[in-house]
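First the structure, in the form of structure tokens, and then the observations on it.
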């Protein structure tokens, strides 16, 4: 079975009027199915650029990104959009939930753009919410009526609802206090035990310690 993702000699250079900046300089690694990998580095290290490439939100200047055995260079923009929608689940620091929509509606949202019938969308959303430990009594609450830790668990459930090959989490505890952040990290640990593949971006050693292994990036080098 191929790795979920494999990057080889990945480089990313940004060119502006002020000159060029090499954000990534020959990064290579692989993530196997069921691994929980943390990518750790200080601000400006290149970790956000790397996450954008792993999430197919950006393309490398050179090098290759193989996702589920296929070189992403082979995909056009529409195919990359479909890949993001169906095979990659995103979890962000700022949650990115719709404040006036219910918890259930927020988690169902990625399925609205598929041919999944409404009854199945709701059933899958409920299953995803249960998998992150959120109780049924919250499902009809608006997302702005629950705590930050609960909002992040809703965001994780939304990332899971399409059964993606990869969950990408960008500083998922950044807006949470220590105790609440620990609860969210325990949620990721349970997902890893269930066989999910997770790549988590962080600048905190305490967060990275929850992963199976940690990759350190600095000045665009791994």
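The values are calculated or read from the model by the stated rules, or taken from the named source; none is laboratory data. Computed from a predicted structure; not experimentally measured. Note that each Cβ is placed from the backbone with ideal geometry, even for glycine, and that neighbours are counted across all protein chains shown.
Which of (1) in contact with a strand residue (DSSP E or B) (Cβ under 9 Å, 6 or more places away or on another chain); (2) buried (at least 18 other Cβ atoms within 10 Å of the Cβ); (3) touching a residue at least 40 places away in the same chain (Cβ under 8 Å) is the odd one out, the single condition residue 187 does not satisfy?
(1) is the only condition that residue 187 fails.
Can residue 54 be described as at pLDDT 95 or above, surrounded by 15 or more Cβ atoms within 10 Å (Cβ to Cβ) and under 18 Å from residue 169 (Cα atoms)?
Numbers: at pLDDT 95 or above: yes; surrounded by 15 or more Cβ atoms within 10 Å (Cβ to Cβ): yes; under 18 Å from residue 169 (Cα atoms): yes.
So residue 54 passes the test.
Examine the stretch 198-206 for a residue that is part of a loop (DSSP other than H, G, I, E, B) and over 19 Å from residue 93 (Cα atoms), and state whether such a residue exists.
Here is the first cut: in the stretch 198-206, the ones part of a loop (DSSP other than H, G, I, E, B) are 203-204.
If we keep only those that are over 19 Å from residue 93 (Cα atoms) as well, we get none.
No.
Check off (1) buried (at least 16 other Cβ atoms within 10 Å of the Cβ); (2) at negative phi; (3) outside any loop (DSSP other than H, G, I, E, B) for residue 60 and give me the number that stays unchecked.
Just one mismatch for residue 60, condition (3).
Condition first: surrounded by 16 or more Cβ atoms within 10 Å (Cβ to Cβ), free of Cβ contacts under 8 Å to residues at least 40 places away in the same chain and assigned to a helix (DSSP H, G or I). Now tell me which residues in the stretch 95-120 satisfy that.
If the condition is that a residue be surrounded by 16 or more Cβ atoms within 10 Å (Cβ to Cβ), free of Cβ contacts under 8 Å to residues at least 40 places away in the same chain and assigned to a helix (DSSP H, G or I), then 104, 105 are the ones that fit.
Quick check on residue 20: is it over 19 Å from the mean Cα position of the chain (by Cα) and at negative phi? Explain how you work it out, then say what you get.
Working: over 19 Å from the mean Cα position of the chain (by Cα): yes; at negative phi: yes.
So residue 20 passes the test.
Here is a yes/no grid of residues against (1) modelled with pLDDT under 90; (2) buried (at least 24 other Cβ atoms within 10 Å of the Cβ); (3) over 20 Å from residue 52 (Cα atoms):
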{"residue": "138", "(1), (2), (3)": "no, no, yes"}
{"residue": "146", "(1), (2), (3)": "no, no, yes"}
{"residue": "149", "(1), (2), (3)": "yes, no, yes"}
{"residue": "164", "(1), (2), (3)": "no, no, no"}
{"residue": "169", "(1), (2), (3)": "no, yes, no"}
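Consider residue 128 carefully, then state whether it is under 19 Å from residue 100 (Cα atoms), touching a helix residue (DSSP H, G or I) at 6+ places or on another chain (Cβ under 7 Å) and crowded, with 21+ Cβ neighbours inside 10 Å. Walk me through how you get there before you give the answer.
Details: under 19 Å from residue 100 (Cα atoms): no; touching a helix residue (DSSP H, G or I) at 6+ places or on another chain (Cβ under 7 Å): yes; crowded, with 21+ Cβ neighbours inside 10 Å: yes.
Criteria not met by residue 128.
Of all residues in the stretch 13-56, which are in contact (Cβ under 8 Å) with a residue 60 or more places away in the chain, assigned to a strand (DSSP E or B) and under 21 Å from residue 203 (Cβ atoms)?
22, 23, 24, 25, 27, 29, 31, 36, 37, 38, 39, 40
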